[in-house]
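Before any comments, here is the structure.
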Amino acid sequence: MSNTTTSKKTPAAYNYVDSRVGFSAALKRNLRKVFPDHWSFMLGEIALYSFIILLLTGTFLTLWYKPSMTEVIYNGSYIPLKGIPMSEAYSSTLEISFDVRGGMLLRQIHHWAALFFIAAMVVHLLRVFFTGAYRKPREFNWLLGIALLTLGLLAGFSGYSLPDDLLSGIGLKIASGIIQAIPVIGTWALYFLFGGEFPGTEIIPRLYSIHILLIPGAILALVTAHLLLVWTQKHTQYPGPGRTEKNVVGYPLLPVYTAKAGGFFFIVFGVTTLLGALVAINPIWLYGPFTPDQVTAGSQPDWYIGFLEGSLRVMPAIEFNIFNTWTFSPNILIPALVLPGLMFVLMGAYPFIESWITGDKREHNLLDRPRNAPTRTALGTMSLTFYILLWIGGGNDIIATTFSLSINSITYFMRVALIALPPLVFIATKRICLGLQRKDLEMLLHGKETGRILRLPDGGFVEVHEPVSEAELPKLLARETYPVWELPQKVDANGIKTPHYHRQMMKAKLSAWWTKGDLPIPTIKEIQSGQHHAHAALEQAHEFGVEPGKEEIVTSTNH
Amino acid sequence: MTEKFDINNTFDPDKENQAPKISKEVATKLPTAAKGVDHYLRRTDTDPKAARRAELQVATLFGASSFFTLVFLVSFVAIPREKKIAVSLIGVTGAQNLVLGVSFGFAILLIGIGAIHWAKKLMSDVEIVQERKEIKPADDVQQEALAAFRVGAEESGIGQRKLIRRSLLGALALFPLPFVVMLRDLGPAPKGELRKTAWEEDLHIVTDITYQKIRPEDIPVGNLISAMPENIMEIQEEEQNLNERGKSAILLVRMRPEEIKSQQGPDWDYQGIVAYSKICTHVGCPIALYEQRTHHLLCPCHQSTFDLADSGQPIFGPAARRLPQLAITVDEEGYLIARQGFQEPVGPSFWERGA
C-alpha cells in the first residue's frame, strides 16, 4: 500500500472482518477495475436485473400461491367468478390479484420482468453476435448464454402455466400434444410428466417445483459463471482512440461503474414497476378457470413462445402411418422439436464453425463493427429474418383480423417467405456491409466530404475533403481480412493422399465464400497520402481562393 | 517503423516501399501512441455553481424517492381495496393497486436516475486505461499445475491399482440408479386410455354447461352446440380430474341433410345433425370457431380447418387427420343419444395410435 494509506487508521470494523475473511488483496485489485462504457453493454445488465426482480417478486408470490389442482368453489372478492368451481391454483392467483394488497402489482411486475428478462437476453445475444464478442476467449460464455436463454424460455413457459387459467391451460394442452407425438416414447413421456392423461392433477405442482426451484437455481448458477467469466476475462470494447486488443479503457468499478450500473438496476426495476402499475398484463380473471373442453379465440402465448407457435401454424399437414401400427407426425415434431433444437444447436456451434472457417484462433478483445464482418452479419440478419417470420406466423390470426386479410393467404405466404426471404436478406446485408466498407475506405483514402465546393480558376468544381479526426480514425482502421484457405492437392507429388481431403476442401470452399467480396486493407502509405491530400486541400479552402501552381493539389483531391 | 504513426506527418516517398499492410492490432495501437484518450472538461468541472446545482438536483431526486415510499406506505392503509377509479388511457382500475404501483415505481426509479445523474455530472469522468493480462497462464505455471495433478494421481495410485479404479467407476456409475428408478412412479403405465372415451351405445348427449338432454328440435339449422356424454359429471367426481372432459367433448351441428357431402359411416347423422369430436387432431385444442355458410370448423390455436359437411376432413392448417365422428340417433323419448362409441381415437396423434 502507498504511503498515504498507511498513515490513515484502519477502521475497526473493517479490520475485524478483514482479519477473519482477508479480502483486502481482492478489494485492492478490483475496486478500481475498469469497465468500458457503451449503451449496448447495458442489454446484458437488463437481463440480469430483470432476473433479480423476478427472484424478489417471485418469492413474494410464493407466500400466497397454492400449487394445487384440487377443485374448490371460488368465494373471493372478484364478483364475476364467485361460486364457480376452479382449481386451487387459479383461486389463489385470484386471491393474490384481488385480496392481497399490492398482490396484483407483484403479479404484474413479475410478468413484465419475465418478458423483459427474455427480451433483454435475446437482444444481448444479438449484440454479442453482430460484434463478434463470442470469439476467443469468450466461446464458453456464449455457450453459457445460450443455456441461460433456454432456461429462460422454460422458466417463462412453466410460470405462464401456473395460474391455471383458460389461456395457460391451452398452452399446456399444446405442450402435451407435442410430447405425446414423440416417436416411441411419446405416450410414456406424457404419462410421466402429467402423472397420467392430460390434464390430470399433477402437472401444476410439478411445474411449480420446476419453476421456483430447479430452473431459478440453474439460472443462478449459470449467471454466476457467466459473470465470473466476464470479470476475469474483462469486458470487450469497441475500437476507439487508445483502445487496443491488450487494454481496456473505461470507468473504474468504484465509483462511476457502481453508480451507473447500480443506478441502472433501479431504473430497470422502477420502469418495470411502473408498467406493472399502469399496463395490465395477463388478466387471468377475464379468461376464467381452465377446463379442457373450452377455448378462447385469438389465444396467444407470451412473445418468446411466438416463434414456436408460428412454426406449428405454418407447418404443412404431413403425417405418416407406419404399417398401420404406429403414427409418426412430422407436422408436430419438425416445428415443435426439431426446429428449435436445430436453432439452439446451430447457435451454440456457431463460434466454433466461424473460427474453423476463418482459421482465426487469436484472442479478440476489440469488437467488430458489423460491416467489417459482412458474411457473419449477413448470416445474422438472415437467421433473424427467419425467426421474425416465424414470430409473425404465430400471430397470423391477429394479423388476419386486424388487417382483414385471409388467414389462409398469410399462412401460404409464410410458407414461401420462410424459405425465400432469408437468402435475399443475406445477399442484401452483405451488399450493404460492403458498401459501408467502401465508404470507410473512401474516408481513409480521400478524407471526409465537407459539402463545400470550390470553383477553380479554370472553371472546374471540386469538393473539399477534410482529414479524418483522431477520434474517428481507429474505428475506420479496425478492419481485417482473412486469407482464403488454399485448396489442397488430393494427392501430393509423392503420390501420398492428403489426410482429411474432403474436410479440407470444404474448408477451402467455405473460406472462399466467407471472404468473397472483401475489400483490400489500405497500406499506411495510402492512408497517409490520402489524409495528407485532404489536409492540404483543406488549407487551400481556408485561403479562399486558389493560387496558380497549387491548383494541381486541389484537383488531385478529387481522384 | 509503424509504431509511431501521425496522420499529420507528411508523406515520405522514401518510406513508401517499407510500409507494410497494417493489421488491426497494429492499426488500433497507432493512435494511442499519437494521442491517447481524449478528455473534455464538463461544466460541473469548471463552474462551482454548476456543480452545486447538480448536487441539488441529485439530492432532490433522492428526496423525491423517499417521498414516494411514504406515499406507498400511507396508501397501503388509507385506500380501500375495493375502490375503483377511472383513469384516461387505462380505464377503470383498482385505485389502490394503481397508487401503490406508481408510488413504488417512482420511489425505485428516482434512486436510479439520481445515481446516474450523480455519476455523469459530479464523479470523475476520466477514462482509465488498464492493461489486460493474457488469459492463458504462462507455460511454466501450466506445467506446474499439471505436475501437481500428476503427483496427486500417482500418490493415489489410481493409475496402477486397476481393481480399485474399476470397482470405483462401477460403483459411481450404479449409485445414481435409485434416483432414476424412483422416477418410475411419476406416472402410471399407459393402458390405452388415449384410445378410449366415455361414449358408448345409448348414452345421452347433454349440453356441456347445464347438462340437459338435447332434443333434435333444440338445435336450429346452422347452429353449433358443445356437448358431453350424460355421465361426464359422475366420471369427473369419481376420477377427481378433468381428463374425460378433454376427450369426450363433442360438437353438434345441424345442417340441411342435402348439404352433407359425406360422413364417416352410413347415416351417422340424425336429420342433418352431425356430431364430431371437439378435440383437434393436431395437438388437441378444443375447437370452437364454426362458419355456418361453409360448415368449416377452425381451431383457434393453429388454424387447422375441418369440413363438417365432408366427414370432418382437414382442409387447411397443420392437422393431418379428420375429426372423429360420433354416430347418433334418438331414444324413444326423442332425446339425442350415441349409437356407439367413437370408432377411432380422438384428439392428437400418438405413436401407438396407428391407422
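Observations
- Residues within region A:186-219 that are facing chain B (nearest Cβ under 8 Å), of a type in the set (Val, Ile, Thr) and either in a helix (DSSP H, G or I) or crowded, with 22+ Cβ neighbours inside 10 Å (or both), tallied: 1
- Qualifying position, being among the aliphatic types (A, V, I, L, M), within 14 Å of chain A (Cβ to nearest Cβ), over 17 Å from B:Lys247 (Cα atoms) and surrounded by 10 or more Cβ atoms within 10 Å (Cβ to Cβ), among B:Leu186, B:Leu169, B:Leu194: B:Leu186
- Helices (runs of 4 or more DSSP H) contained entirely in region A:319-417, each with at least 2 residues that are under 21 Å from the mean Cα position of the chain (by Cα) and among the charged types (D, E, K, R): none
- Close pairs from region A:255-277: first more than 7 Å from every other protein chain (Cβ to nearest Cβ), partner surrounded by fewer than 20 Cβ atoms within 10 Å (Cβ to Cβ) and at pLDDT 95 or above, Cβ under 7 Å, at least 6 apart: A:Ala261/A:Glu45
- Residue match in region B:275-291 (condition: in contact with a strand residue (DSSP E or B) (Cβ under 8 Å, 6 or more places away or on another chain), more than 7 Å from chain A (Cβ to nearest Cβ), surrounded by fewer than 23 Cβ atoms within 10 Å (Cβ to Cβ) and polar (S, T, N, Q)): no
- Residue match in region A:265-283 (condition: crowded, with 17+ Cβ neighbours inside 10 Å, under 26 Å from B:Glu131 (Cα atoms) and either in contact with a strand residue (DSSP E or B) (Cβ under 8 Å, 6 or more places away or on another chain) or not aliphatic (A, V, I, L, M) (or both)): no
- The numbered conditions (1) over 30 Å from A:Glu245 (Cβ atoms); (2) at pLDDT below 90; (3) β-branched (Val, Ile, Thr) are all true for B:Val102 except (2).
- Restricting attention to region B:217-241, the residues that are touching a Phe, Trp or Tyr at 6+ places or on another chain (Cβ under 8 Å) and part of a loop (DSSP other than H, G, I, E, B) add up to 1.
- Cβ-Cβ contacts under 8 Å between residues 6 or more apart (or on different chains), taken from a first residue in region A:113-139 that is closer than 18 Å to A:Leu346 by Cβ to a second residue that is of a type in the set (Asp, Glu) and surrounded by fewer than 21 Cβ atoms within 10 Å (Cβ to Cβ), are listed as A:Arg135/A:Glu354; A:Arg135/A:Asp360.
- Residue match in region A:366-373 (condition: surrounded by 15 or more Cβ atoms within 10 Å (Cβ to Cβ), within 25 Å of A:Phe117 (Cα to Cα) and within 12 Å of chain B (Cβ to nearest Cβ)): yes
- Counting residues in region B:91-99 that are crowded, with 19+ Cβ neighbours inside 10 Å, more than 7 Å from chain A (Cβ to nearest Cβ) and at negative phi gives one or more.
- Exactly one residue among A:Thr296, A:Thr327 is more than 18 Å from B:Thr305 (Cα to Cα), touching a helix residue (DSSP H, G or I) at 6+ places or on another chain (Cβ under 9 Å) and hydroxyl-bearing (Ser, Thr, Tyr), and that residue is A:Thr327.
- Lone qualifier among A:Ile392, A:Ile399, A:Ile453, A:Ile407 - being among the aliphatic types (A, V, I, L, M), more than 30 Å from A:Asp518 (Cβ to Cβ), buried (at least 17 other Cβ atoms within 10 Å of the Cβ) and without any contact (Cβ under 8 Å) to a residue 24 or more places away in the chain: A:Ile407
- Yes/no for A:Gly306 being surrounded by fewer than 20 Cβ atoms within 10 Å (Cβ to Cβ) and at the interface with another protein chain (Cβ under 8 Å from one of its Cβ atoms): no
- Among the residues here, A:Glu139 does not qualify as over 21 Å from the mean Cα position of the chain (by Cα), of a type in the set (D, E, K, R) and farther than 21 Å from A:Ile388 by Cβ.
- Answer from A:Ile118, A:Ile84, A:Ile109 - the residue that is over 23 Å from A:Pro205 (Cα atoms) and β-branched (Val, Ile, Thr): A:Ile118
- Against the criterion of being closer than 23 Å to A:Asn365 by Cα, surrounded by 19 or more Cβ atoms within 10 Å (Cβ to Cβ) and not charged (D, E, K, R), A:Leu477 qualifies.
- Scan of region B:196-216 for residues that are aliphatic (A, V, I, L, M) and assigned to a loop (DSSP other than H, G, I, E, B), ordered by number: B:Ala198, B:Leu203, B:Ile209, B:Ile214
- Yes/no for A:Pro239 being modelled with pLDDT under 95, in contact with a strand residue (DSSP E or B) (Cβ under 6 Å, 6 or more places away or on another chain) and within 9 Å of chain B (Cβ to nearest Cβ): yes
- Subset of region A:506-531 that is assigned to a helix (DSSP H, G or I) and among the polar types (S, T, N, Q) - its residue that is farthest from A:Leu473 (Cα to Cα): A:Ser511
- Of all residues in region A:69-90, those being more than 12 Å from chain B (Cβ to nearest Cβ) and either within 36 Å of the chain's Cα centre (by Cα) or closer than 24 Å to B:Phe104 by Cβ (or both) number 2.
- Filtered residue count, region A:11-51, keeping only those that are touching a helix residue (DSSP H, G or I) at 6+ places or on another chain (Cβ under 7 Å) and touching a residue at least 12 places away in the same chain (Cβ under 8 Å): 16
- Residue pairs meeting the criteria (Cβ under 8 Å; at least 6 apart or on separate chains; first at positive phi, in region A:348-374; second crowded, with 17+ Cβ neighbours inside 10 Å and outside any helix (DSSP H, G or I)): A:Gly359/A:Trp485
- Residue pairs whose Cβ atoms lie under 6 Å apart, separated by 6 or more positions or on different chains, with the first residue in region B:303-325 and at the interface with chain A (Cβ under 7 Å from one of its Cβ atoms) and surrounded by fewer than 20 Cβ atoms within 10 Å (Cβ to Cβ) and the second assigned to a strand (DSSP E or B) and not small (Gly, Ala, Ser), are B:Phe316/B:Thr305.
- Qualifying residue in region A:156-168 (condition: in contact with a Phe, Trp or Tyr (Cβ under 8 Å, 6 or more places away or on another chain), within 7 Å of chain B (Cβ to nearest Cβ) and farther than 16 Å from A:Ile52 by Cα): no
- Among residues of region B:292-302, those that are more than 7 Å from chain A (Cβ to nearest Cβ) and out of contact with any Gly (no Cβ under 6 Å at 6 or more places or on another chain), counted: 7
The values are calculated or read from the model by the stated rules, or taken from the named source; none is laboratory data. Computed from a prediction, not measured in an experiment: that's the story for all the values here. Neighbour counts run over all protein chains shown; Cβ positions are idealised from the backbone, glycine included.
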